[in-house]
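Remarks on the structure that follows.
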Amino acid sequence: MKSARSARSAPGTLPNLFGRALTAKIKIMLRHTHNELVYYQFESLQDAGLRHGIFTRKGGVSQGIYHSLNLSRSTGDAAEPVRENRRRLLDALGLAPENSLTSWLVHGNHVRAVSKNDLGQDDVHADGMVTNARGLALTMRFADCSPVMFYDPRKQVIGLAHAGWMGIVRGILPALARAMRETHGCDPADIRACVGPTIGPEVYEVGEDVAAQVQAAVPEPVLSHRQGHPKPYLNMWKAAEAQLRGAGIGQVEVAQICTASNTNEWFSHRAEKGKTGRFGVVIQLDE
C-alpha cells in the first residue's frame, strides 16, 4: 500500500448548505491524502491484511457537475473520466482495476456472495456483496445513502452494502449479515460494521410515507419533528446502527459525517438536486 499522509480527524463544525451549523463527530476515522485524492479510513478496520477507503470527490478528472472523482457512469458522466477516476482510487490503496468488482445498485436487499470467478462480469445486480476471496476488491458508489463495510476478523470475510432508506426498509443490512453467516459461517457477534458518510439527521427531511416505512423497519426511534417544519427529519445514521445491532453485529461504528452538509468533499444527491456524481468506497482482503 502506498504511503499517504494521515491525521486523526477531530469533531468539528461543517458548513451546512441548509442554513445551520452541523457538528460532525468523525474522531473514529483517519483522513488520508494520496496525490490530490482525499479518503477516510476507520480505525477499527486497520487490521493487517485489510485495505479499505471511503473516497471524497477530490482528486479526479471529471468536469462540471461531476467534479472531480466521480465513480458512476449512470449519472451521465463520460466513460473515460470515470475509468480514470476508478484507476486513481484503486491506485491510492495499491490495488489493480482488473482485481476489483462492483455491482449495479437496485435499492433492494439482494446480497451476492462473490469470488474471483465474477471478475470481468457486468451482471452483478445487488446492494450487497460478501467474499472471503483474498485480493478481490469490492467497490460501490454513493451520494447520500449509507456505505456500510463489514469485516469478520475471525473468519476473514468482508462485505460491502449500499443502504439508502429503501435498503433500510427492505433489510439490506441484516440480509448481508445473514449472507456472511450462511455462506462463510460467520458469527454476527464477531463482525465489525462501519457506517460511512451519509446524509445527516439535521438536513434529511422526508415525507410521512417514507418516515413511516423506515421507522417500522428499525427497533429504535429515528425520526424528529421541528417547529415550523411539517415533515419529519430522518436519522439514517441511527437507523443503520439500530438495524445492525438488531442483527446481532458485535461492533458498530458510525462516521457521523453528513454528505449533504459538505459538498466540497462529498457528492450529495439531495443537496445538489440530483445533478452530481458518486463517491467511491472500496474494501479488500490482501492475498
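Quick one: which of Val130, Val106, Val111, Val124 is of a type in the set (Val, Ile, Thr), closer than 30 Å to Arg154 by Cβ, under 18 Å from the mean Cα position of the chain (by Cα) and modelled with pLDDT under 95?
Val124
Suppose we keep only residues that are among the acidic types (Asp, Glu) and within 15 Å of Gln284 (Cβ to Cβ) within segment 87-132. Which one would you say is surrounded by the fewest Cβ atoms within 10 Å (Cβ to Cβ)?
Checking each candidate, the answer is Glu98.
Given the criterion touching a Phe, Trp or Tyr at 6+ places or on another chain (Cβ under 8 Å), at negative phi and touching a residue at least 12 places away in the same chain (Cβ under 8 Å), identify the matching residue among Thr102, Thr56.
Sole residue among the options that is touching a Phe, Trp or Tyr at 6+ places or on another chain (Cβ under 8 Å), at negative phi and touching a residue at least 12 places away in the same chain (Cβ under 8 Å): Thr56.
Pairs, please: C-beta under 8 Å, at least 6 apart or cross-chain, first residue on the phi > 0 side of the Ramachandran plot and part of a loop (DSSP other than H, G, I, E, B) and in segment 119-141, second modelled with pLDDT of 95 or more and of a type in the set (S, T, N, Q)?
Taking only residues 6 or more apart or on different chains, the pairs are Gly135/Asn99; Gly135/Gln284.
Looking only at segment 254-264, which residues are within 18 Å of Val281 (Cβ to Cβ) and surrounded by fewer than 19 Cβ atoms within 10 Å (Cβ to Cβ)?
Thr263
Within segment 191-213, does at least one residue satisfy the condition of being without any contact (Cβ under 8 Å) to a residue 12 or more places away in the chain and on the phi > 0 side of the Ramachandran plot?
no
What single numbered condition from (1) assigned to a strand (DSSP E or B); (2) touching a residue at least 24 places away in the same chain (Cβ under 8 Å); (3) under 25 Å from Ser268 (Cβ atoms) fails to hold for Tyr151?
For Tyr151, the exception is condition (3).
Among the candidates Thr183, Thr139, single out the residue that is polar (S, T, N, Q) and either in contact with a Gly (Cβ under 8 Å, 6 or more places away or on another chain) or closer than 20 Å to Glu253 by Cα (or both).
Thr139
Considering (1) of a type outside the set (Asp, Glu); (2) in a loop (DSSP other than H, G, I, E, B); (3) within 16 Å of the chain's Cα centre (by Cα), say which one Gly248 fails and leave the rest.
Every condition holds for Gly248 apart from (3).
Kindly indicate which of Asp209, Asp152 is touching a Lys or Arg at 6+ places or on another chain (Cβ under 9 Å) and modelled with pLDDT of 95 or more.
Asp152
Return the total of residues in segment 218-246 being crowded, with 20+ Cβ neighbours inside 10 Å and either over 15 Å from Pro201 (Cβ atoms) or modelled with pLDDT under 95 (or both).
Of the residues in segment 218-246, 2 are crowded, with 20+ Cβ neighbours inside 10 Å and either over 15 Å from Pro201 (Cβ atoms) or modelled with pLDDT under 95 (or both).
So that you can scan it fast, the table gives a plain yes or no per residue for (1) closer than 18 Å to Ser74 by Cβ; (2) crowded, with 24+ Cβ neighbours inside 10 Å:
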position: Arg134; (1), (2): no, no
position: Met149; (1), (2): no, yes
position: Lys155; (1), (2): no, no
position: Gly159; (1), (2): no, yes
position: Gly164; (1), (2): yes, no
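Identify all residues within segment 62-117 that are in contact with a Ser or Thr (Cβ under 8 Å, 6 or more places away or on another chain), among the β-branched types (Val, Ile, Thr) and outside any helix (DSSP H, G or I); write none if there are none.
Thr75, Thr102, Val114
The values are calculated or read from the model by the stated rules, or taken from the named source; none is laboratory data. Model, not experiment: these values are computed from the prediction. Quick reminder, even Gly has a Cβ in these numbers, built from the backbone with ideal geometry, and neighbours come from all protein chains shown.
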